Each structure stands twice: as C-alpha cells, then as structure tokens.
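Presented below is the structure to which this report refers.
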Amino acid sequence: MYIYKLSELSDHEHLHFGGKAMSLHQLIKNRLPVPFGYSIAAEAFEDGTLSASAEKELSALCEKLPKNYRYAVRSSAIGEDGEINSFAGAYETVLDVSVDKIADAVKTVANSVSDDRVNVYADNRNTDLGNIAVVIQQFIPPEFAGVLFTADAVSASAAVMTGNYVKGVGEALVSGEGSDGSFRLNTVKYEYEGPDEFRPYAKKLFGYAKKIVGIFGCPQDIEWAVFGGKIYILQARPITTLFQNKPDEFLINDSLCGDLLLSKTNVGEIFLRPVSPATYGIITLIAGTLGIPLMSNVCGQLYLNISGLCSMLVSFGFTKEKAINALSELTGGIPQNLEIPIYPYDKKIFFKNIFRLIKEASGHKDKTDYGKDFKNRIAEVGNQIISEIRSASTPDELHGLWNQKCEPYIKKTLRVIATGVSLKTLFATRNKLEAVCGSELADRLLSDCSENGNIESLGSLWAIDDVISGKMSKEEYTARYGHRHADEMELSVPYPYEDPGFPENVIEDYIKSGIDVRKMKEEQEKRRAEAVETFKRLYPAKSKWLDKLLKKYSEAVYVREKIRSDSLRIMCVIREFYLKAGKLTGLDDDIFMLYFDEVENYLSGNHICAEMIPIRKKNYSMQLAMPNFPSVICGRFTVEEWQQNGAGSGYYRFGEACSETDKTVITGVAGSCGQAEGYARVLSSIAEADTLEKGEILVVPAANIGWVKIFPKAAAIVTDVGAPLSHAVIVARELGIPAVVSCACASGTLKTGDKIRVDGTAGKVILLERFIQVSKNQT
C-alpha cells in the first residue's frame, strides 16, 4: 500500500511521505485541530505519474471519501517544509476540489515537480530535488486565513509572535499578493495588538502556537484558518532563516534556532569534549522524557539553556526576576545587567511527561521485579543488565532486551533522580547561614561535608589508600569507581572498568604523586571545627540550629553525589548496548555515529542510516578539533564570527568583539574559601594533567571528577565554568583547596607561568605578574 491516513504515517517508516505530511502527522498525534486527510507516499509515483497499483488505491479511497466535503490537494516533497528548505509556493496546490476531481488534482501536483519555479528555488538554495509525495485533506473554506511566525525571522527573538491574515482563502497571503490585517502577540505576558475583528481568535491561536513550538523544538512558520468560529492548523514548518540544523549530517547549532542565553555552567563540567551523535541522541531523548528544555548543542559542545529553564519557571507562575533568582545557584556567573531572553513554554508538556514517567516506572514494577529498595540497588541492577547484554547473541535478542530490561531500568532510575535530590536544601543552606553570620564564615562552615571521605566525588581518590592497605580489594574498587572518569557521559569513550590495567594504573600514579589525601582532609576538618566553634561563640542561641542545619546539608550533599554516581550506570548500560549492537551488526565503533532510534532500526534490518556514517564521522572529527567555545553565549553564534571577533573564552554576544586579554582582575564565583598565591598552569584537557607541578595553580575551562586525582597537587583551582555546588568544587572544599569558578575567561586570559593570587572567599583572581617567554635570541 502507498496511501495512509495522516494519523498513521509513523507506522510505515519504510515509505517516504515528505516534510509537510510528517509535520501534519505530528500535529495530529499531539491533538492539534488539523483537517483529516491522507498522504500518498513518494514511492507511489514513477516519473511524476502514479503507478497502476497506487492509482487503483486512490480510486478506492475516493469511493469512500465523503462526497459532501471539498478537498485540498497539496505537495509534500522530500525536503519540502523542512528545517533547511521550505519550497514555499514552489509546487502546485489545488484547492476546493470535489471528490471526482481528486485524481486529476493529484496528477497536477505531482507534475509540478518539473516546474521552472521549483528548479529555480532548488538552484538558489543549492539543494537537490526530492521525490514528491502528495497530501489530500478536507478543504476548510476560511473566514480568515493566515500565517503566524513564532519568532522574529532575523533576530530570532521569541518575545513577540507576528501574524498576517486575509479574509477568505490564504493563498494570496502565502504568495505575497496581499494582506487584510496584521497582528502581534506578546508572549511573556500575553497581549494582543491588532484589528478587533481577529481578537476573538488570537488567544486560542497563541495557545496552539506554543504547543507546536514545544512539539518541534524550534521557531515555527504556521499556516492556519478560521471557519465556523474554530481555528484549524493547516501547516507548520521551521522558520528556515533561523533553523539551519542538519541532524542527518550531525551539523547542529541550536544558537541559530532562537534568541537564547546559553551557559556551560553545570554542563561544561560534565561534557568536557564535544558529544558524539550517540551521546547527543540519548541526552536529547532523556531531556525529552523529562519534558525539560535543559540543553542546547552548539557544534557538538553542550550548553545549559538558561532561557529555556527560565521560560519554564515563568510558565509555572514565577515572575521573571524570581525565576532568575531561583536559577542563580545553578547558572553560576551570568554577566550582570544581561537581559535573559524568554519564550513561550507550554507547562503541560512538562507535567504530562513527568506524570507519564512516574506511571510507566511504577507500571514496570512486577515485570522487572526490582523491589522497593531499587534506589539502593541501581548499580547492582545495572550490572545484571550489562551481563545480559553481553550474553545476547542475535540482533532480535538484543533489541528485545532493550525493551524488556534496559528501558524500564532507565526510566526507574530517572524517577529516582527526579524525586531523590533536595536542591532546595542545597541552595537554601548557604543563604540561611549568610543571613546570620556573613558569607566568609558561611563558606568555612560549608567547607567539609563528609565523614571519612564518604561522598562519591572524593571517594575514588580516598579509597586508593584502602586498596593499598588491603581494606578494599581491587575488584571492589573497580565495581564502585570503575565508571567514573573525565568523559563519563560520553558513550563513545571507554570506561575505566573496561581497561585491563585498571585500577593498577591509578594506584601507581597515586603512589608516584606523593599525595596524602587523608592528611589534607584532617587539616580541613580542623579548620571547619574552628569555624563551628567561632559561630557558636558568636551566636550561642543558634548552636543546636547550626548542628541540625549542617547535618541536613551534609546528608543532602551525600545523597546528591550518590545519585549522580548511580545515575551514570544508565550511561554504562547504554554504552554496553551500543557496543554489543556494533559487534552484532559489524559496525563496531561506527555504531556511535548513529542516533538511538537508528540503532533500533538497524537491529531490525533497516540499514539506510548507515549511509550517513561517513559524513557524521567527518563532521564529528571537525568538532573534536575545535577550541572551547565561550562560557556564555547570548543570541546567534557562529564559529567564523566568533574567531573574527577575537575567539574569547568568556561571554559572547553576536556581533560584539572579545576584549579579555588585558584583564588583571578576573571576577568569578567563590567556590572554596581561602587564598593562595603561585604560578598558573593553564591546561585545556585532562590529557595534559601530568604537566601540573605540585604547588602550581590549576587553571582550566572546566573540571569534573576526572580531574580530582590531581587536585591535591594544586595550590588553588580556577575554572571558566562551574557553580558552588559542582562536584569538583565540593571536592576542593573537602580538601581545603581555594577555588574560584565561573570566571568565564580565565583560561583565555591567563597563561602558564603567570603569577596570580586566588581569593576563593571573594571569588577573585588577581594577575600579579605576567610570565615573559625569553627567546633564544635574547639569551
């Protein structure tokens, strides 16, 4: 068969229905008011003519279509109404067609693939013509018909939606021949500006537009019609002047998809390198499961979408100012007086996804038999599933294992993450202490949160002494910490437990370093005890209050660190699934160039996606070779423009030059209290870690648990991105190492050999003396 209802298209992925039809399918699937209809697949046409079998299908369809309706027959060519090209108005459209004329209309539309205007458009856009599919829909005789742009087509700002309409059929408007009215919809706080005759329909259209943007994840060009007092959605496609992503080729730059504020804080520490297609696909899938506009991809480098999170909170009823304050601990150092762009967010998406996640996780209880204490057995269950993955012998067996074991495990773990961390306790404790005793004493009180190194971020370093002394076996160490490393969230990078030389290599490096972590911890515990004594002497009435507050804070830090460590078992399971899929299909490590749905298709026998592997490998290699992008991006970002304007590592706004190399005082966020003076060692990756000399000040774009092994050698730590609650900062506090994070441009401003002073209490880095390289000609 070649002809299917628009609501059924995703069930027939072996056929091609084109951009318009698939967009309408998604709208119908998400319960938008779309006129009912059918799509004829591109495979039904041979040289612009319906095949005999398809023509027979069409005749049968026309026999059962209601005769009292009129119909619209439109093109849905492959590549039309897509992310890169719209082909708007290029192909023929036949409107107001009776049932007996549908076959003729289909021929007219199909033959338009050879029209001059189609070829001219393709030539101007430097794109190939795709095969044509055709959509047949109920025709809506409109009272008003129009278009709505959900963002500005030049600046990408989503603060205002703009629309135009005509009275009657909208073809004149779409073709640019005329307009009877225009209007604006202010999105942050809904307000309509336009003719009174359209006011009764504007708010409903606004609600539909928000939902459509949420469905497709980018600004939309929406065609709509009003008939009988009801709004119908006729079409939705990306605004092609903004949306330039090519996910098939793994060329993605979300900063071009809207006016966004993006930050590497809390993301840059996790993803220290550009992500592979496999990792990006999984992260997008997980974020979609939670319904949170969390991350954005800029040429492989991931960012926290501050605009998205702020927009979500505003949709929950926060004022913009309260939303920004609520995110302050999470976002770290955002340039002052910076306007955070806000866009419409449909909160129903979030609640729908969260409720579904909880329901599905609960529904798998009997089938998976994880038990009530699953949150304490995440690692154990993950290892059991990995054993089963490694034992799978056929693609079908592996695919079935994913559906029966892996997916339920991931969803239950996500549920633990979503419900198990008290961020309120972590964020509020410092504020409560500062209100009583000021920031300096508050920092000292929060500088030591664990007993016997029991937090996970420090544990991998702390436990080495236990292995050396025989208190812990190497097998136990591997089971507990073999999944932690600098690139632990990147699926294409092996975990330490996969290395036959682990943990012997870690133990050897530790012994060579001469580090005494336990002594550093003991000294820090003494300093914290002194801070507690000082507080109780100054505020004796709050002695018990302090004990209770610090105990609760320490417990929250422990739980957060434990859940973070356990949640990484998700990535271990997924990596093992990918590795096994690579072996069973013969793709080996090339499997990491595929998105997850493509891996599923490949296991099921659909190998079309393999055609994209060479171009993705090429583009991913280019991304790995790129320097670290700015810590904060506002608006549209291109590598070429950034490099022309100085390629700074700090804050970047489109069109502004970078000027950070002359700074003598760098302001960041206080991470770990104390002061240190010494010579900077600026490193760009963990591969350079061995060059750090004891007593030097470590300066890096970002640091995570993979860097912890060299922290004890550093006199202080300075990072471009980071937050007071990042895992690396917590370790610095535990060991009493002064740290300033979220400096934005430190690794670009400072050079190895510069003499600097780090004030971890004030959150400042002072350049005392520039290192001057003496050339051989001068000596």
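The values are calculated or read from the model by the stated rules, or taken from the named source; none is laboratory data. Computed from a predicted structure; not experimentally measured. As a convention, Cβ positions derive from the backbone with ideal geometry for all residues, glycine included, and neighbour counts pool all protein chains shown. Note: areas computed on protein heavy atoms with side chains; ligands, DNA, RNA excluded. Shrake-Rupley method; radii C 1.70, N 1.55, O 1.52, S 1.80 Å.
Here is a yes/no grid of residues against (1) open to solvent by less than 30 Å² (accessible area, probe 1.4 Å); (2) in contact with a Ser or Thr (Cβ under 9 Å, 6 or more places away or on another chain); (3) not hydrophobic (A, V, I, L, M, F, W, C):
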{"site": "Ala556", "(1), (2), (3)": "yes, yes, no"}
{"site": "Leu568", "(1), (2), (3)": "yes, no, no"}
{"site": "Arg575", "(1), (2), (3)": "yes, yes, yes"}
{"site": "Gly586", "(1), (2), (3)": "no, no, yes"}
{"site": "Glu598", "(1), (2), (3)": "yes, no, yes"}
{"site": "Gly605", "(1), (2), (3)": "no, no, yes"}
{"site": "Ile608", "(1), (2), (3)": "no, no, no"}
{"site": "Thr638", "(1), (2), (3)": "no, yes, yes"}
{"site": "Trp642", "(1), (2), (3)": "yes, no, no"}
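Condition check for Leu491 on (1) open to solvent by less than 60 Å² (accessible area, probe 1.4 Å); (2) part of a helix (DSSP H, G or I); (3) at pLDDT 95 or above: one failure, at (2).
For the structure I just gave you, tell me whether Lys764 is charged (D, E, K, R), open to solvent by 10 Å² or more (accessible area, probe 1.4 Å) and more than 11 Å from Gly671 (Cα to Cα). The answer is no for Lys764. Among residues of segment 666-681 that are of a type in the set (Val, Ile, Thr), those with a beta-carbon under 6 Å from a residue that is in a strand (DSSP E or B) at least six positions away or on a different chain give the pairs Ile666/Val765; Thr667/Lys764; Val669/Val741.
Of all the numbered requirements in (1) over 30 Å from the mean Cα position of the chain (by Cα); (2) open to solvent by less than 70 Å² (accessible area, probe 1.4 Å); (3) not hydrophobic (A, V, I, L, M, F, W, C), Ser10 misses one, and that requirement is (1). Residues of segment 427-484 being without any contact (Cβ under 8 Å) to a residue 12 or more places away in the chain and over 30 Å from Glu380 (Cα atoms), which ones? Scanning segment 427-484 gives Ala428, Asn431, Glu434, Ala435, Gly438.
Filtered by the rule that a residue be open to solvent by less than 10 Å² (accessible area, probe 1.4 Å), more than 22 Å from Val557 (Cα to Cα), modelled with pLDDT of 90 or more and in contact with a Phe, Trp or Tyr (Cβ under 9 Å, 6 or more places away or on another chain), segment 723-761 gives Asp754, Ile756. Taking segment 141-167 as the range and being touching a strand residue (DSSP E or B) at 6+ places or on another chain (Cβ under 8 Å), of a type in the set (A, V, I, L, M) and buried (at least 23 other Cβ atoms within 10 Å of the Cβ) as the test, the residues that pass are Ala145, Leu148, Ala151, Met161. Put simply, of Thr429, Thr425, Thr413 the only residue that is part of a helix (DSSP H, G or I) and over 26 Å from the mean Cα position of the chain (by Cα) is Thr429. Residues considered: Lys551, Lys562, Lys512. Of these, the only one that is under 36 Å from the mean Cα position of the chain (by Cα), charged (D, E, K, R) and surrounded by fewer than 12 Cβ atoms within 10 Å (Cβ to Cβ) is Lys551.
Quick check on my filter: what residues within segment 593-605 are closer than 16 Å to Asp248 by Cβ and assigned to a helix (DSSP H, G or I)? Passing the criteria: Met593, Phe596, Asp597, Glu598, Val599, Asn601, Tyr602.
Filtered by the rule that a residue be crowded, with 21+ Cβ neighbours inside 10 Å and not in a loop (DSSP other than H, G, I, E, B), segment 683-708 gives Ile697, Leu698, Val699, Val700, Ile705, Trp707, Val708.
Residues in segment 271-313 that are farther than 13 Å from Ile252 by Cα, open to solvent by 10 Å² or more (accessible area, probe 1.4 Å) and β-branched (Val, Ile, Thr): Ile283, Ile286, Thr289, Ile292. Residues that are among the hydrophobic types (A, V, I, L, M, F, W, C), outside any loop (DSSP other than H, G, I, E, B) and touching a strand residue (DSSP E or B) at 6+ places or on another chain (Cβ under 7 Å): does segment 270-287 have at least one? Yes, there is a match, as at least one residue in segment 270-287 is among the hydrophobic types (A, V, I, L, M, F, W, C), outside any loop (DSSP other than H, G, I, E, B) and touching a strand residue (DSSP E or B) at 6+ places or on another chain (Cβ under 7 Å). In this entry, Val73 is excluded by the filter for residues that are touching a residue at least 24 places away in the same chain (Cβ under 8 Å), in a loop (DSSP other than H, G, I, E, B) and not basic (Lys, Arg). If we scan segment 441-456, do we find a residue that is within 29 Å of the chain's Cα centre (by Cα) and either of a type in the set (Lys, Arg) or in a helix (DSSP H, G or I) (or both)? Scanning segment 441-456, I find at least one residue that is within 29 Å of the chain's Cα centre (by Cα) and either of a type in the set (Lys, Arg) or in a helix (DSSP H, G or I) (or both), so the answer is yes. Taken over segment 256-269, the criterion of being within 15 Å of Ala486 (Cβ to Cβ) and touching a helix residue (DSSP H, G or I) at 6+ places or on another chain (Cβ under 9 Å) is satisfied by Glu269 alone. Remark: pairs (first residue in segment 385-411, on the phi < 0 side of the Ramachandran plot and acidic (Asp, Glu); second residue assigned to a helix (DSSP H, G or I) and crowded, with 19+ Cβ neighbours inside 10 Å; Cβ separation under 7 Å; 6+ apart in sequence or on different chains) = Glu388/Lys405.
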